[in-house]
Amino acid sequence: MKPQSLKKSLANVRQLWSERHYDSALKIVEELLALWPGNAQLYVLRAGLIQLQDDPQQTLEQAKQALQDAIDLDETSPAAARSEEHTSELQSH
């Protein structure tokens with residue numbers, strides 16, 4: 001997949017997210033991760049979408065793992081660090 005296709009797919013994910021079609025957006029993110037496994041942003045998106053699923057197929061533990069994967073790929077990612085804090089708060093409730 002070309003970088004332009006990645007950009008287009010990410011725009012599609014954001015559009016679906018804004019329309020609250022979380023499961024559809026998550027499916028696209030999962031497909032993108034298969035093609036771009038080194039993209040930390042995709043793991044952050046995956047974690048957020050897992051938490052918002054209409055029909056939960058993944059757990060909060062999997063969301064937390066996705067955030068850890070993002071941090072492992074990009075230790076300077078503030079989005080991953082913030083999201084991990086939020087996910088930890090959700091698990092404690």
Revision key, fill the gap. Picked from segment 14-41 (must be in contact (Cβ under 8 Å) with a residue 24 or more places away in the chain and closer than 21 Å to residue 73 by Cα), the residue farthest from the chain's Cα centre (by Cα) is 35
Study note, to complete from the structure: Scanning segment 52-84 for residues that are under 19 Å from residue 12 (Cα atoms) and under 12 Å from the mean Cα position of the chain (by Cα), the one modelled with the highest pLDDT turns out to be 52
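The values are calculated or read from the model by the stated rules, or taken from the named source; none is laboratory data. As the structure is a prediction and not an experimental result, all values here were calculated from the model. In this analysis, Cβ positions are derived from the backbone assuming ideal geometry, glycine residues included, and neighbour counts consider all displayed protein chains.
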